[in-house]
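Peer 1: The structure is given below, and queries will be raised subsequently.
Every number in this text was worked out from the coordinates using simple rules, so none of it is lab data. In this text, all values refer to a predicted model and were calculated from it rather than measured experimentally. Here the Cβ is made from the backbone with ideal geometry for all residues, glycine too, and neighbour counts use every protein chain on show.
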Amino acid sequence: MDPTTQPASGAPDPIGNDGQNPPPQPKQTPRRRDASAVRRNTSIEPSSVDTAALHSELHHATLLRADEATIYEAIRRIVMKYTAAIGVGRITADGKNSDGSYNWDLKPENTTGRLPRRHDFIEKFAESCNTTIQRHSIQMEHFLGVQAIYSPIESNAGDPEVLLVLTDDSNTTGAVFVLEIANAYITLFLRSSRGRNNDWKLVSLAALIELISQIESQPTLALGCEVVANELVRHLGAKQVAVGYLHDGQMVVESLSGTVKLDPASETYHGLEMALSESVLRDSVAIYPPRPDDETHLLVAHRQLCGDLQIPAVMSSPLTTPDGKTIGAILLTGTKEQIHGDRLPNFIRASGPRLASALEVVSRAQIGRIRQISNSIRTAVPSIRGFTWGLIALCLAAVMLMPVRYRVRCNCTTEPTVRRFAVAPFQGLIEKGFAKPGDAVSKGQLLARMDGKSIRWELASVLAEQQQAAKKREIELANRNVTASLLSQLESDRLIARTRLLQHQQQQVEIRSPIDGVILSGTLERAEAAAVDTGEVVYEIAPLDQMRIEVTIPAQEITHVTVGQDARIWIDGMSGQSFVGRIERVNPRSELREGRNVFVATVTLPNDNDLLRPGMTGSVRIDGARHPLVWNILHRPWDYLASRLTWW
């Protein structure tokens, strides 16, 4: 088929990539023309192009804060918009042949619009791309009834690239004009990008030199790894950096940026350890989620780490010295844009051997210092016996200086958090009791009933006296005896008040529980047929869902106890079981209990299983601050002597 002819009517569209190969045709050389020849032979002028808008959009595209692929895509869309092109593509060189020509590839991510990507079409594009690079100017040819325009691009990678535009013949002159402008902006972008990359490389080199200097000045390997993690976060902008070191073939996570001490039993430590070990086995830079061209083997631990820590992307690399010895691995987390970019992987690949060498130097120096101290001790001790005693003394001194948490031992008693009392409402006899100690009662439940017979009898007598006083007042009024009538009125008022009191007492004969809880005291024997006074306690009731532990702290230990400290409690009779709480309050005034001056502190414990009862006793251990072991042993005798030696 002649590239200058249109496909026959009803034939499949080759640009549509229908997957069918066209019938074999004799190979013909496409007709190519320079851009200058087109300008001479066509009647379409570039004056129809909005040059100001084109310059503005290209300028904004080259200033985007994005990677090179995104900026190229924006430029292709602008070119396609102003040339009314069918498709715009960026064809990249893929290796060089022995005759000096290049192999070319058109990747899907480098195309905008509709471009044919069949193998035979790519070969035709390749011939024109080689001609374009050789002449270093815009080339054109007829291709399947449309105009193909090739514009050379100066690439940062060193391999040549070509920008391909497929458009109608009527748009050729305008398309060439737009391509020349776009090519100028691409050249400016690549030069500025190359300058920024060179500046970043210089800054990275200076940072790497300073980092290696800081690492080699550290006294221990752990501090060296901590410097690596924190400084890489600061320079690279990663979210977190972890450094692992191989000790006898076992990976140990030495440092995690932003963390003072990482718990080896935590899930985070385990996930980092597995990912760093996987990086050593992989023996190359590992990125998850992987990029399209990345190797995807040995990424199980990396995927698990991303899921557990809820991080978008992770990258790791083994730390291998220039002589090929792997001493550990490094792991970085961050956004997908950071991890999938070129700067982080390139920096880690370039700096990895230097970092590994610096950490190995620190590790060897640390071992050398230990040996030097050991040799100095051996030299200072003239004999084996002296060396043994010196070693024992050194170990004993080390043990005595070891920080140990100081613990205060105290006694305790369990008490309910709330107490309520059911009392006699008036003086009288208790007719019957309905509850006994240990019974669980609810608020308003009937506990006992007072004998109301005496009240009823007295109430009947008072009512009779009230009627008598009323009759007497009427008689005195009839006899016009004012004084006697007033006295009768006062007596009647007194009897009315007494009647109301007796009626109120008659309504209060039932003694009920004021709260939900358990009866602590009060017996049926005492509650039935027993005389009680007004306000006398009949039952004591308390809720047992929570218990208050009263801790008696010796006065000499009160300076080591503060609110909020942890306390472990053992109750007598509950072997093998303990309770943990916090000191909630310490009474400011001391008390005398069992002949000892003590301060009372309170701890509240839940009592869901009803194991704790009021009045139970036990012991308490309060965890205080850390002090050297020698202080824990000798501070009490020292305080005693200091307080007794008045001449001190």
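Peer 1: Among residues other than residue 244 whose Cβ falls under 12 Å from its Cβ, what is the net charge (Lys/Arg +1, Asp/Glu -1)?
Peer 2: Here the charged neighbours net out to -3.
Peer 1: Turning to a different aspect of this structure: If Lys and Arg each add +1 and Asp and Glu each add -1, what is the summed charge of the other residues whose beta carbon sits under 12 Å from the beta carbon of residue 262?
Peer 2: In short, -4.
Peer 1: Loop only by DSSP, 15 or fewer other Cβ within 10 Å of the Cβ. Give me the GluC sites (Glu not before Pro) in segment 540-600 that pass, ordered by residue number.
Peer 2: For GluC sites (Glu not before Pro) across segment 540-600 that sit outside H, G, I, E and B with at most 15 neighbouring Cβ atoms in 10 Å, the list reads 584, 594.
Peer 1: On to the next question. What's the exposure ranking of 619, 317, 442, going from fewest to most Cβ atoms within 10 Å?
Peer 2: Ordered by Cβ neighbours within 10 Å, fewest first: 442, 619, 317.
Peer 1: List the trypsin sites (Lys or Arg not before Pro) in segment 226-295 that DSSP assigns to loop (not H, G, I, E or B) and whose Cβ has at most 14 other Cβ atoms within 10 Å. Which are they?
Peer 2: Passing sites in segment 226-295 are 261.
Peer 1: Applying a 10 Å radius around every beta-carbon, put 622-631, 330-339, 288-297 in order of their mean neighbour count, most first.
Peer 2: Averaged packing, sorted descending, gives the order 330-339, 622-631, 288-297.
Peer 1: For a 31 Å ceiling on Cα separation, which of these pairs sit above it: 81/239; 432/471; 96/239; 81/107; 96/336; 261/325?
Peer 2: Violating the 31 Å Cα-Cα cut-off are 81/239; 432/471; 96/239; 96/336.
Peer 1: Under 14 Å from the Cα of residue 436, which aspartates and glutamates turn up, not counting those fewer than eight places away in the same chain?
Peer 2: Reachable aspartates and glutamates: 525, 528, 540.
Peer 1: Okay, moving on. What number, in percent, do you get for the relative contact order of segment 236-278 if the mean sequence gap of Cα pairs under 8 Å and at least 6 apart is divided by its residue count?
Peer 2: Over segment 236-278, the number comes to 32 percent.
Peer 1: Another question about this same structure. If you take every residue apart from residue 625 with its C-beta less than 11 Å away from the C-beta of residue 625, what net charge results, scoring Lys and Arg +1 and Asp and Glu -1?
Peer 2: Local net charge: +2.
Peer 1: Next question, about the same structure. When only alpha-carbon atoms are used, what values of Rg and Dmax, in angstrom, describe segment 217-371?
Peer 2: Rg then Dmax for segment 217-371, in Å: 14.6, 51.
Peer 1: Ok, one more. Please list, by residue number, everything in segment 255-294 whose backbone N is under 17 Å from a paramagnetic label point 7 Å out along Cα→Cβ of residue 109.
Peer 2: From segment 255-294, the list is 286-294.
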